[in-house]
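Q: I'd like to ask some things about the structure below.
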Amino acid sequence: MGTTYSFRTFLVPTDFSEGALAAVEYAIALAAKSGAEIILLHVMEPTVYSLDFALTRPDITAEVRQAAVASLGQLIEDAGARGVRAEQALVTGTPFVEIGKAAAERKANLIVMGTHGRTGLAHAVLGSTAERVVRTAPCPVLTVKAIPAQSL
């Protein structure tokens, strides 16, 4: 059992929710201690708008993309200020599928992601992206509850 593990690249999916931002914080702290780099990933889900809304706001997808890029940029700045090399990735698709693809393509050693903590009917109906990623990921997955990282 002398196997050693090298976690040099962390994939950190974020939807900018409280749980996801707790995971980003955790990943930055862990990367700062281990010398790993992080890839911040945001998956935009394709959205179908009603005809009325689409006619009045034809540029909504561009606005959402621009806001995501700005938010990712801020997280990269935060990581850099703490000595952690970070880059961003923005893709469109089904979150758990795109997270797995990104981890494989970028040869991530670890996925660090937040959980929303849904239970009961909400969990049954909405499912859990984190749960699906854990089942299908090509590498280990560290899930972080929506509480700030404590004394890493």
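Q: Please give the number of the condition A102 fails out of (1) under 14 Å from P13 (Cα atoms); (2) at pLDDT below 95.
A: Tallying (1) under 14 Å from P13 (Cα atoms); (2) at pLDDT below 95, A102 fails exactly one: (2).
Q: Can you spot a residue in the stretch 40-51 that is surrounded by fewer than 13 Cβ atoms within 10 Å (Cβ to Cβ), over 17 Å from the mean Cα position of the chain (by Cα) and at pLDDT 95 or above?
A: Within the stretch 40-51 (the criterion being surrounded by fewer than 13 Cβ atoms within 10 Å (Cβ to Cβ), over 17 Å from the mean Cα position of the chain (by Cα) and at pLDDT 95 or above), the answer is no, since none of the residues qualifies.
Q: Could you run through the stretch 70-96 and say how many residues are open to solvent by less than 60 Å² (accessible area, probe 1.4 Å) and part of a helix (DSSP H, G or I)? If you could, list the steps in order and put the result at the bottom.
A: The initial filter retains those residues of the stretch 70-96 that are open to solvent by less than 60 Å² (accessible area, probe 1.4 Å), namely 71-73, 75-76, 79-80, 84, 86, 89-91, 93, 95-96.
Going one step further and asking which of them are part of a helix (DSSP H, G or I), we end up with 71-73, 75-76, 79-80, 95-96.
The total comes to 9.
Q: Across the stretch 117-152, which residue is farthest from E105 (Cα to Cα) among those that are modelled with pLDDT of 55 or more, of a type in the set (S, T, N, Q) and not in a helix (DSSP H, G or I)?
A: Per the criteria, the residue is S128.
Q: Using beta carbons and a limit of 7 Å, which pairs, at least six apart or on different chains, have the first residue in the stretch 1-14 and modelled with pLDDT of 75 or more and the second one of a type in the set (S, T, N, Q) and in a loop (DSSP other than H, G, I, E, B)?
A: Between residues of the stretch 1-14 that are modelled with pLDDT of 75 or more and residues that are of a type in the set (S, T, N, Q) and in a loop (DSSP other than H, G, I, E, B), the close pairs are S6/N109; F7/N109; R8/N109; T9/N109.
Q: Counting only residues that are small (G, A, S) and either under 23 Å from P138 (Cβ atoms) or touching a Phe, Trp or Tyr at 6+ places or on another chain (Cβ under 9 Å) (or both), which one in the stretch 15-33 is modelled with the lowest pLDDT?
A: Among them, the one singled out is G19.
The values are calculated or read from the model by the stated rules, or taken from the named source; none is laboratory data. Keep in mind it's a predicted model, so treat the numbers as computed, not measured. In this analysis, Cβ positions are derived from the backbone assuming ideal geometry, glycine residues included, and neighbour counts consider all displayed protein chains. Note: areas computed on protein heavy atoms with side chains; ligands, DNA, RNA excluded. Shrake-Rupley method; radii C 1.70, N 1.55, O 1.52, S 1.80 Å.
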